[in-house]
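**Student:** Input: one structure, supplied below.
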Amino acid sequence: MTNIEIIGLTDLFASRRYFKKFETITSHLGRVAGVMEAEGDLNRDEVNILTRYITELTFTFRALSQKYLLVGRDTGRFFGSLAIDAIESGFPAAEEIITMASDAQQAERHLAGMPSAEELKKQMVEVIVGERTPPTKLQFALSQRLYYEELLRGQLFWPRNDPQIVWTGNKSEQRRTFRIHWAVYDSQVNLPIIYMMEVEDTGSTALPKDQRRWPEAQAHLMAQALGGLKLVTIAKGFDEDFDDLHPKRLRRFHVGPMYSSAFTKQSGPISQVLEAARAPEGQDWALVWTEEDLHSERVMTERAGWFSTVEREVFALDPFAGRGAETGTTRMERSIVLPQRPFQALQELNPPGFGSVRKFVVSPAGRVLRY
């Protein structure tokens with residue numbers, strides 16, 4: 001069972017440091033994807049898809065930072081604190097993202113009943129000059145207005161980010177290829193998870209224009225978007241449910257966990273690494289990035305009724321030590337993104353289990369190097 005401990009960031013300065021840390025981390029992830037493209041692990045379209053989801057995560061953290069801007073201050077109204085998963089994730093609890101999605105549905109109504117940002121700022125000056133006191137309640141009102149404005153702009157990472165489809169070419173007139181991508185904020189592990197599937201379509205109508213199959217395919221994929229399901233289970237289920245859609249490759253990207261001795265309660269080697277690094281504020285973190293990859297190895301045909309046959313995919317599973325059956329993947333690759341000081345500590349300690357992990361080291365200037 002996943003070890004989860006939800007804690008609230010009730011201290012104002014700790015909360016701001018947390019959001020600043022994630023702003024730094026998400027700014028590096030786009031560059032990490034760029035390095036993966038340069039090394040041939042991702043193509044340009046795949047980088048664009050990943051970068052888009054990372055940007056949505058950035059906007060999500062920005063919205064939450066506005067919501068909790070005055071945490072720990074006397075605002076005249078109890079509004080809680082950011083809940084984070086302090087053991088296995090380091091990210092906000094899924095409940096925060098679910099609440100944010102609910103708030104977004106009501107954003108226009110909330111904004112309609114609030115003074116404008118300019119009016120609130122004017123009132124704040126009047127309180128500072130006239131009453132010589134901090135305008136905390138007005139600051140809180142402004143922070144909530146900015147939160148709802150951010151939600152109204154959209155382009156955030158929601159609990160469910162429904163499948164989108166991109167045409168990638170035709171193999172023949174009756175065999176089109178598409179890349180489908182979707183994402184979820186997995187409530188079991190409190191982490192964002194991104195999926196990509198490469199599909200060949202032999203239907204009479206192109207999948208995005210098919211008013212029956214496309215909604216069905218979207219619903220099927222979202223129902224199966226569970227981190228606990230093996231990729232081979234998801235791909236086989238899709239293959240068997242849609243006779244004219246052929247999944248050739250399925251990938252899943254786990255963004256996180258994020259470890260930081262200031263905010264999380266990690267154990268084992270990563271704890272020793274962060275402790276030994278004694279990194280300055282803002283550089284005391286490490287982010288795990290895991291990619292699972294499943295390929296179709298070959299196609300077999302099977303009977304469908306009396307006179308027809310259908311194609312079925314046979315997926316290649318990792319042949320080493322039987323791990324393919326265990327993981328349900330052709331390949332699984334773990335990476336860790338971390339600043340220079342923690343990386344130096346990792347190299348010096350050289351803990352077991354990290355030899356095969358790819359290391360992406362980020363400098364304060366934003367440069368990313370791979371080791």
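**Student:** Look at Glu23 and say whether it is acidic (Asp, Glu), more than 13 Å from the chain's Cα centre (by Cα) and buried (at least 18 other Cβ atoms within 10 Å of the Cβ).
**Tutor:** Criteria not met by Glu23.
**Student:** Next up: Select from the range 288-306 the residues that are of a type in the set (Val, Ile, Thr), surrounded by fewer than 19 Cβ atoms within 10 Å (Cβ to Cβ) and under 35 Å from the mean Cα position of the chain (by Cα) and list them in ascending order.
**Tutor:** Residues of the range 288-306 of a type in the set (Val, Ile, Thr): 288, 290, 299, 301.
Checking the rest, the ones that are also surrounded by fewer than 19 Cβ atoms within 10 Å (Cβ to Cβ) come to 290, 299, 301.
Selection gives Thr290, Val299.
**Student:** List, please: which pairs have Cβ atoms under 9 Å, are six or more places apart or on different chains, and start with a residue in the range 150-174 that is of a type in the set (Lys, Arg) and end with one that is assigned to a helix (DSSP H, G or I) and surrounded by 14 or more Cβ atoms within 10 Å (Cβ to Cβ)?
**Tutor:** Partner pairs satisfying both residue conditions: Arg153/Phe59; Arg153/Ala63; Arg160/Ala101; Arg160/Met222.
**Student:** Something else about it: Taking the condition assigned to a loop (DSSP other than H, G, I, E, B) and not acidic (Asp, Glu), does Gln188 pass?
**Tutor:** Yes; evaluated as a whole, the condition is true for this residue.
**Student:** Of everything in the range 50-60, what is surrounded by 22 or more Cβ atoms within 10 Å (Cβ to Cβ) and more than 10 Å from the chain's Cα centre (by Cα)? Give them in sequence order.
**Tutor:** Of everything in the range 50-60, just one residue is surrounded by 22 or more Cβ atoms within 10 Å (Cβ to Cβ) and more than 10 Å from the chain's Cα centre (by Cα), namely Thr60.
**Student:** Could I ask something else about it? Quick one: would you say Phe263 is farther than 20 Å from Pro352 by Cα and within 21 Å of the chain's Cα centre (by Cα)?
**Tutor:** Yes: the conditions hold for Phe263.
**Student:** Ok, one more. Residue check, Ser89 against (1) in a loop (DSSP other than H, G, I, E, B); (2) open to solvent by less than 20 Å² (accessible area, probe 1.4 Å); (3) out of contact with any Pro (no Cβ under 7 Å at 6 or more places or on another chain), all met but one. Which one?
**Tutor:** (3)
**Student:** Within the range 166-199, can you find the residues that are open to solvent by less than 20 Å² (accessible area, probe 1.4 Å) and over 28 Å from Ala101 (Cβ atoms)?
**Tutor:** Of everything in the range 166-199, just one residue is open to solvent by less than 20 Å² (accessible area, probe 1.4 Å) and over 28 Å from Ala101 (Cβ atoms), namely Gly169.
**Student:** Within the bounds of the range 6-15, is there any residue that is within 30 Å of Leu369 (Cα to Cα), under 15 Å from the mean Cα position of the chain (by Cα) and surrounded by 17 or more Cβ atoms within 10 Å (Cβ to Cβ)?
**Tutor:** no
**Student:** Evaluate the range 77-98: report whether one residue or more is on the phi < 0 side of the Ramachandran plot, hydroxyl-bearing (Ser, Thr, Tyr) and modelled with pLDDT of 95 or more.
**Tutor:** No, the range 77-98 contains no residue that is on the phi < 0 side of the Ramachandran plot, hydroxyl-bearing (Ser, Thr, Tyr) and modelled with pLDDT of 95 or more.
**Student:** Now for a separate question. Report, by residue number, each residue of the range 230-285 that is open to solvent by 30 Å² or more (accessible area, probe 1.4 Å), touching a Gly at 6+ places or on another chain (Cβ under 8 Å) and either within 19 Å of Ile180 (Cα to Cα) or among the hydrophobic types (A, V, I, L, M, F, W, C) (or both).
**Tutor:** Within the range 230-285, Lys230, Thr233, Asp244, His254 meet the criteria.
**Student:** So Pro319 clears everything in (1) surrounded by 12 or more Cβ atoms within 10 Å (Cβ to Cβ); (2) without any contact (Cβ under 8 Å) to a residue 60 or more places away in the chain; (3) of a type outside the set (Phe, Trp, Tyr) except one condition, right? Which one?
**Tutor:** (1)
**Student:** In this structure, does Leu221 turn out to be surrounded by fewer than 18 Cβ atoms within 10 Å (Cβ to Cβ) and either assigned to a loop (DSSP other than H, G, I, E, B) or aliphatic (A, V, I, L, M) (or both)?
**Tutor:** no
The values are calculated or read from the model by the stated rules, or taken from the named source; none is laboratory data. None of the values given here were measured: they were computed from a predicted structure. All Cβ positions, even for glycine, are placed from backbone atoms using ideal geometry, and neighbour counts span all protein chains on display. All accessible areas refer to the heavy atoms of the entire protein, side chains included, with ligands and DNA or RNA removed. Shrake-Rupley method; radii C 1.70, N 1.55, O 1.52, S 1.80 Å.
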